[in-house]
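Shown next, in structure tokens, is the structure this report addresses.
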């Protein structure tokens, strides 16, 4: 694993020498136990031939923020050494390295943490036992990819590594990284909560950019998986690394410019994000809402770019570390010259060369002592947030507590105590304490802390500059559904207060459903109106639901309403009209009855069989009134009454008409001498025939009501959008038997009346009965198809119309001419006038009977009419 020089081994068979020179710590201090530290203070490296790794640093490549973190480790160890309750009598030292954000350098430093700094090793392998050579634990690395390389190496030796900023979820795998712990939450939590936040604000169409590193690839994979579960679609997903050619950066920037997504999730390391933002500001850019990962949302560099305004992301909570700012600012030129890294910092910050420095032609002037570090405003001196800084602070304290647990009892520590690194690791997994600045420190079985984030929003201050503003927080230890709390107003892209919209298709309103566009993501869809009888009461419904049979959608098809119940009501215009006609007809029948009763002794009343006439008028009155039973809400009793009353009253009416027709026909057709046929159809027989005909209909109705009577029925099939409340016939045979019997009597009456239609006008009703029966039959013949085809309440209206039309036909055709004579032509209502007509008739009869050899005919047949 360690690279040895073959020449060195051959020259001295009992010892070997490293091929390359060891990496020198940038900051170090001796102690009883030395804690390792590694940070990405520079960003550029280059491998050269015949060397292991020669680091080439470019001008202005120092990351002041990382130097700030390295000095936080230094400060924490000084603070621990000054405590009497933690590691009493023990002095901690440190060896802090610069990885230059390069994996090979990080791995080389990891070997040095395991092997020590001595380049020569003897064959006993005692180099691992030297307290000055090996470290019990390491703080770092800042980035996930170098940490992965280090963790694989340190894990072989059981040396615990506590990272302050490596968030890749892959590092939680204890099979691959058994000795890795961290004080910063895993990206597993961050990816999930970012997806929930995107869903919370209604963004279903987003872009995704990530670093082409383990941090970015693992983080974006976790986010995309969570986003898919939340129903979020990704228009594009691009990877970028700052070391890739510029053409790749330009291509990614053009993808962002051309996209329709207005929300971009950027799972980028801060270094990669710097290059991308600088490229995007070169050309006009549509307003973009950035959703940031914790790696860059809290980086001060991005506060200078207005395109980052409104950016939203999760960062570790900010904190305060008492005395740390004073420690950072307690740096003089003389102290800076003692360390190459601090010298570089001083010269880079003030653009001058410290006295006595050689080879610093980069700066034209010498530092003259007027430089004031308190006046600097850069990431090194910025202690307003102290987010990742606190993670370094907690990591260092965690290692100190683990060492304390191994070598100390209640009041005393043994600096001579020997231990293996895995003992520190086991103790580290069990630590549970509160830091001096009030933060809880412990690790779960994966070496991760509880996920606690602040929701950070980049907002404009009153002076027009950007600043980090906490607007909420996330705590994974809270009950389900209460982890994410938004506590303040969010300023969105461009400073607007309304949530920006980023969807492939506008939301489908209630009353429609989503139909995915062929060949496109599920977030791109058309809104299809719900089919007839279906509703959707939610936005973006995937399907419509059918209303229950007794319900129907409203006009917007977003709610099911009870179907209106329709029946022929008393309040309907049609119901009122039919009621008026019904009452008018009944009133006419009563008026005719009064007229006939008042003139009951007059010849014309007596000649038309007054008893049957009064019975006919009574039945007509009932016929008019029975039509009223068809109006109003059907009930069990009204359904049985309306059809049976209609059937019986109409049979009574037709029976009376039939009786009158038979009387007229027999009176004028009995021409055989000595015939006494009228005695077989006198008043008793007339009453009996009417009763018999009516009784037959009554029997039919009773059987109908007994077997399967009519009943109220809610018809849901005739109309889709309303309920027809009607009377179901029960037995259709019973209904058509009642109607058929009425038709049979009507046809019989019509035939008989037709045969007697040419008898003298003044007293013969046959002609009027013929017309009335003709109207009656015409009405009921047309009623059948109209009844079958009429929808809803019109079915009832057609039946009422048929009843009223046939009743009016009977009363007008039979009684109107007689009432006219009685009221307006009283001179014709005399016996003399009627007898004059009889003389004419008798001559016709005599002439007709002589052809049969008959010379006499009795007057009894005619006289019986009077």
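Read the figures in this text as sums done on the coordinates, not as results from a lab. Remember, it's a predicted structure, so these values are computed and weren't measured experimentally. Cβ: placed from backbone, ideal geometry, glycine included. Neighbour counts: every protein chain shown.
Show me, bin by bin at 5 Å from 0, the whole-percent P(r) of the stretch 532-660 based on Cα pairs.
2, 10, 12, 12, 11, 9, 8, 7, 6, 5, 4, 4, 3, 3, 1, 1, 0, 0
How far apart, in nm, are the 7 Å Cα→Cβ label points at residue 733 and residue 692?
Taking the two extended label points, one gets 2.6 nm.
Rank the residues 411, 265, 431, 590 as a footprinting-exposure proxy: fewest other Cβ atoms within 10 Å of their Cβ go first.
Numbers: 411 7, 265 31, 431 18, 590 15.
Arranged by neighbour count, lowest to highest, 411, 265, 431, 590 become 411, 590, 431, 265.
Could you bin all the Cα-Cα distances of the stretch 312-429 into 10 Å bins starting at 0 and give me the percent of pairs in each, rounded to whole numbers?
Each 10 Å bin holds this share of Cα pairs: 11, 28, 22, 24, 14, 2.
With each pseudo-label sitting 7 Å past Cα toward Cβ, what's the residue 550-residue 537 distance in nm, one decimal?
Each label point is offset 7 Å from its Cα along the Cβ direction, giving 1.7 nm.
Rounded to two decimals, what is the ratio between the C-alpha radius of gyration of the stretch 512-562 and 2.2 N^0.38 Å?
It is 1.24.
Quick one: plug the Kirkwood hydrodynamic radius of the stretch 282-358 (C-alpha pairs) into Stokes-Einstein at 37 °C, 0.692 mPa s, and report D in µm²/s.
Here the translational diffusion coefficient equals 203 µm²/s.
Fewest to most neighbouring Cβ within 10 Å: what's the order for 179, 334?
Listed from fewest to most nearby Cβ atoms, that is 334, 179.
With viscosity set to 0.692 mPa s and temperature to 37 °C, compute the Stokes-Einstein D of the stretch 490-576, Rh being the Kirkwood radius across alpha carbon pairs; µm²/s, no decimals.
In µm²/s, the coefficient rounds to 206.
Would you give the gap between the C-alpha center of the stretch 398-453 and the C-alpha center of the stretch 185-244, rounded to a whole Å?
34
Rounded, prolate or oblate: which fits the stretch 437-525 when a ≥ b ≥ c are the square roots of the eigenvalues of the alpha-carbon gyration tensor, with rounded for a/c under 1.5 and prolate only if a/b beats b/c?
Oblate, because a/c is 1.5 or more while a/b does not exceed b/c.
Using alpha-carbon positions, what is the distance between the centroids of the stretch 291-351 and the stretch 578-648, in Å?
107
So for the stretch 367-524, what are the equivalent ellipsoid semi-axes in whole Å, largest first, each being the square root of 5 times an eigenvalue of the Cα gyration tensor?
45, 29, 14
When the Cα atoms of the stretch 144-227 are enclosed in a convex hull and the volume is divided per residue, what value in Å³ results?
Value for the stretch 144-227: 80 Å³ per residue.
Rounded, prolate or oblate: pick one for the stretch 136-277, where a ≥ b ≥ c are the square roots of the eigenvalues of its C-alpha gyration tensor, a/c under 1.5 means rounded, and failing that, prolate if a/b is larger than b/c, else oblate.
In terms of gyration-tensor shape, oblate.
Starting from the Cα of residue 720, step 7 Å along the direction of its Cβ; do the same at residue 91; then give the gap between the two resulting points in nm.
In this crude label model, residue 720 to residue 91 measures out at 9.2 nm.
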